Structure formats: C-alpha cells, structure tokens
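One structure below.
The values are calculated or read from the model by the stated rules, or taken from the named source; none is laboratory data. Fair warning: this is a prediction, and the values are worked out from it, not measured in the lab. Note that each Cβ is placed from the backbone with ideal geometry, even for glycine, and that neighbours are counted across all protein chains shown. Protein only, heavy atoms only, side chains kept; ligands, DNA and RNA dropped before computing areas. Shrake-Rupley method; radii C 1.70, N 1.55, O 1.52, S 1.80 Å.
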Amino acid sequence: MLNNEPASVAHDAAVRPTRLRGALAVTVAAVATAGLIGAATGSASAGPGGDCLWAGTGHAQGTTVAAGGRAFTCATDQLGAPRWQRGAAVRTPSTVVDPGATTAPAGNFSVGAQQPGTEYNDYCVGTQLIDGSESVYEVVSDVTGALRWQAAGPIAQWTFIPGTGPVPTTRSASLCLPDQVIWPEPTR
C-alpha cells in the first residue's frame with residue numbers, strides 16, 4: 001500500500017490526539033483543583049475566620065454552646081473546616097437561638113449543628129405524609145460539599161424550653177402522590 005500523505009500531515013495527525021489528551025488532562029486538573037479549594041475553604045459551612053455557625057451567628061473555635069439539652073463545641077473536621085461536635089447532656093437552657101430546621105442550613109449552620117424538625121423537613125412515602133417535626137435533624141455535608149439536614153434521631157432527644165415543644169405540620173397527605181403501580185405486560 002502506498003502512502004501519499006506528506007510526512008508533515010502524518011506527523012500532525014499522530015501528534016493531535018496527544019495534544020488533545022494533554023489539554024483534557026490540564027482541564028480536568030484545573031476543575032479538580034478548584035473543587036478541592038472550594039471544599040477546603042468550607043465556605044458553605046464556615047463563618048468569618050473559620051468560626052462555626054449557629055443560626056447565622058459565628059462562634060470561635062473552642063466555644064461550647066448549649067442547645068436542646070446538649071453541649072456542642074466548635075471544632076474542625078479532618079480537612080480543617082468548622083464543625084460542631086456534640087457533647088454530653090446538659091441541664092442548662094439553650095445559650096443559642098434554636099429556630100428549628102426551617103430553611104436550608106448553608107450560611108446559617110455549620111456541619112454537626114442540630115435542630116428540631118419543622119414543616120421544612122416534611123416528606124412523603126407513597127401517599128403518607130411524614131411530619132418533619134417528629135425528628136431532630138443534623139447538618140451534614142454531601143460529597144460535593146453542599147449542606148443539608150439529615151434526620152439524627154427522634155424528637156424526644158431534644159429538650160424544649162418549658163411550655164414549648166415540637167410544632168406539628170399543617171400540611172396534609174393530599175400533597176403526596178400515590179405510588180405508581182406498574183403491572184406486568186400481558187404475554188401474547
């Protein structure tokens with residue numbers, strides 16, 4: 001077989017995939033570095049200067065607060081991001097504001113903070129509405145660094161101020177769609 005291509009065209013064709021792979025590797029490395037920088041700064045869960053957030057207020061590293069009958073100490077995780085460490089039960093009233101898990105936690109609470117559930121945490125299982133106020137919720141971080149509330153235990157674990165308690169949902173199960181029934185196709 002005879003190759004009629006000039007040597008430079010054949011050389012360019014051989015080099016082009018290598019350049020593409022190199023450019024792709026540089027792009028992937030840049031995206032990964034940006035993600036690591038964002039995760040390391042903990043911007044979603046950190047307050048000013050690495051403080052832990054509780055209801056939008058920053059608390060310095062080493063500070064201990066009382067909430068719902070528990071002590072929470074501001075510390076850091078293995079990446080150096082602010083995190084609340086849950087401690088022993090305390091008999092003192094809450095020393096911080098406890099609005100409940102009423103909105104997304106980013107910018108309001110750091111990882112590890114806990115709050116009583118609210119309507120914000122309601123969800124459906126089939127046609128049944130699960131009342132969010134039946135659980136205590138903790139701030140967790142997913143693999144992308146986004147913060148969310150996750151059920152951490154029954155509401156009985158939270159000590160409310162005397163005369164208050166969980167506020168049941170005002171929503172109804174009519175918001176929940178019935179499970180879709182998938183029937184097997186008839187055989188022919």
Practice prompt. With the condition kept exactly as written, say whether any residue in segment 146-155 is without any contact (Cβ under 8 Å) to a residue 40 or more places away in the chain and of a type in the set (D, E, K, R).
Written response: no
Worksheet entry | In segment 132-152, residue farthest from the chain's Cα centre (by Cα) [restricted to those that are among the small types (Gly, Ala, Ser) and open to solvent by less than 20 Å² (accessible area, probe 1.4 Å)] | Ser133
Fill in: Scan of segment 87-103 for residues that are open to solvent by 60 Å² or more (accessible area, probe 1.4 Å), touching a helix residue (DSSP H, G or I) at 6+ places or on another chain (Cβ under 7 Å) and under 21 Å from Ala156 (Cβ atoms), ordered by number
Thr102
Item to complete: Would you be able to say whether some residue in segment 104-117 is touching a strand residue (DSSP E or B) at 6+ places or on another chain (Cβ under 7 Å), open to solvent by 60 Å² or more (accessible area, probe 1.4 Å) and either within 30 Å of Leu177 (Cβ to Cβ) or not in a strand (DSSP E or B) (or both)?
Response: no
Response to the item:
The number of residues in segment 155-176 that are within 11 Å of Pro116 (Cβ to Cβ) and open to solvent by less than 80 Å² (accessible area, probe 1.4 Å) is 5
Worksheet item: Out of Leu129, Leu79, which single residue is assigned to a loop (DSSP other than H, G, I, E, B), among the hydrophobic types (A, V, I, L, M, F, W, C) and open to solvent by 20 Å² or more (accessible area, probe 1.4 Å)?
Response: Leu79
